1. Taking segment 8-41, which residues are open to solvent by 20 Å² or more (accessible area, probe 1.4 Å) and in a strand (DSSP E or B)?
2. Yes or no: Pro215 at pLDDT 85 or above, in contact with a strand residue (DSSP E or B) (Cβ under 9 Å, 6 or more places away or on another chain) and surrounded by 13 or more Cβ atoms within 10 Å (Cβ to Cβ)?
3. Check Leu231, Leu245 and return the single one that is in contact with a helix residue (DSSP H, G or I) (Cβ under 8 Å, 6 or more places away or on another chain) and either surrounded by 10 or more Cβ atoms within 10 Å (Cβ to Cβ) or in a helix (DSSP H, G or I) (or both).
4. Just checking, does segment 44-63 include any residue being within 23 Å of Val139 (Cα to Cα), of a type in the set (Gly, Ala, Ser), surrounded by 13 or more Cβ atoms within 10 Å (Cβ to Cβ) and touching a residue at least 24 places away in the same chain (Cβ under 8 Å)?
5. Restricted to segment 190-212, and to residues that are at pLDDT 90 or above and among the aromatic types (Phe, Trp, Tyr), which residue is surrounded by the most Cβ atoms within 10 Å (Cβ to Cβ)?
6. Given the options Phe262, Phe157, name the one that is modelled with pLDDT under 95, of a type outside the set (Asp, Glu) and not in a helix (DSSP H, G or I).
7. Name the one entry in Ala264, Ala278 that is on the phi < 0 side of the Ramachandran plot, exposed (fewer than 13 other Cβ atoms within 10 Å of the Cβ) and not hydroxyl-bearing (Ser, Thr, Tyr).
8. With the structure loaded, tell me whether Ile27 is in contact with a Leu (Cβ under 8 Å, 6 or more places away or on another chain), touching a residue at least 40 places away in the same chain (Cβ under 8 Å) and β-branched (Val, Ile, Thr) or whether it fails that test.
Amino acid sequence: MNHRTRLDWMFLWCCLLRYSYLRLEKICLKAALKAVPGFGWAMQVACFVFIQRRWENDKKHMGNMLDYFCDIKEPLQLLLFPEGTDLTENTRAKSDAFAVQHKLPKFEYVLHPRSTGFTFIVDRLRKGGNLDAVHDITVAYPKNIPQTERHLILGLFPREIHFHVRRYPVASLPTASSDLESWCRDRWAEKEIRLRDFYSAQPRGFDREGVARVPPCKSELRVSLIKAASLLYWTSFIAFCFTGLWLWAPFRLYFLVIVGVFMAQQKLIGGVELLELACHQYWKSTAANKGEKSKVLDAKMQ
């Protein structure tokens, strides 16, 4: 997916909700976000893939996480922003410098993608039998563009959000890493043209008529009920937490213990997802050792 603002992933969740895929969602994102109290801890528990954005440090960790997802055979939907950051004047200038250095065309609506991580993820998941397809998603905001969380706090929500989605089955993807890198760059060149057409059209839309198609869902009633239940739950939960902190000493103690546990484990281990990964690797190694010993004993008995 192209990364137009820092909030793209949040808006995509609304689209995934309609398809009932939201529960499968994991995001590849910068490691600094795991330290955000509450929100970052929840992402740790959900096993999001945190990266330092330095490939020499990220390659081993990303490989371990992807192997874990393949081992446990859980359906996975991994959101990746190959551009590495959202589109701003500063990041566009860096992308233009990269384009000049590598004799590539300058982009206005997207940044040049970093294809190393993308090719690594595709290859690893494909080898692990956990890749069904790559969905190429282009996001655009026809009216106002909320660049950061500050815009949401000020009430500047986007009136419309448009997604262009194209599915590429794994069988249609190149097998060689170099060809896969070229494939990724070609998709971004297409995004540039697609977005230029989008923002120059009146009314703005991804098709020539400017008609937006609402994503289908199992039931409009189901989506409405989930939205209502979510709003009710989180409003009640937040009110309950503040009330508990204000009125009940045991609740305040519990809150301090939980905060202490998460801060301590992050300091000592690096995150809940790393603890989960370490446990899996230990049990996998133990099972493998038992299997080897069983084979040796069987061979001796024969």
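The values are calculated or read from the model by the stated rules, or taken from the named source; none is laboratory data. Here the structure is a predicted model, which means the values were calculated and not measured. Please note: Cβ atoms are built from the backbone with ideal geometry, for glycine as well, and neighbour counts cover all protein chains shown. These area figures cover heavy atoms from the full protein model, side chains too; ligands, DNA and RNA do not enter into them. Shrake-Rupley method; radii C 1.70, N 1.55, O 1.52, S 1.80 Å.
1. Lys26, Leu29, Lys30
2. Working: at pLDDT 85 or above: no; in contact with a strand residue (DSSP E or B) (Cβ under 9 Å, 6 or more places away or on another chain): yes; surrounded by 13 or more Cβ atoms within 10 Å (Cβ to Cβ): yes.
The answer is no for Pro215.
3. On the way: Leu231 fails: in contact with a helix residue (DSSP H, G or I) (Cβ under 8 Å, 6 or more places away or on another chain).
Residue meeting the stated conditions: Leu245.
4. no
5. Phe198
6. Working: Phe262 fails: not in a helix (DSSP H, G or I).
Exactly one of Phe262, Phe157 is modelled with pLDDT under 95, of a type outside the set (Asp, Glu) and not in a helix (DSSP H, G or I), namely Phe157.
7. Numbers: Ala278 fails: exposed (fewer than 13 other Cβ atoms within 10 Å of the Cβ).
After ruling out the rest, the residue left standing is Ala264.
8. Values: in contact with a Leu (Cβ under 8 Å, 6 or more places away or on another chain): yes; touching a residue at least 40 places away in the same chain (Cβ under 8 Å): yes; β-branched (Val, Ile, Thr): yes.
Spelling it out, Ile27 is indeed in contact with a Leu (Cβ under 8 Å, 6 or more places away or on another chain), touching a residue at least 40 places away in the same chain (Cβ under 8 Å) and β-branched (Val, Ile, Thr).
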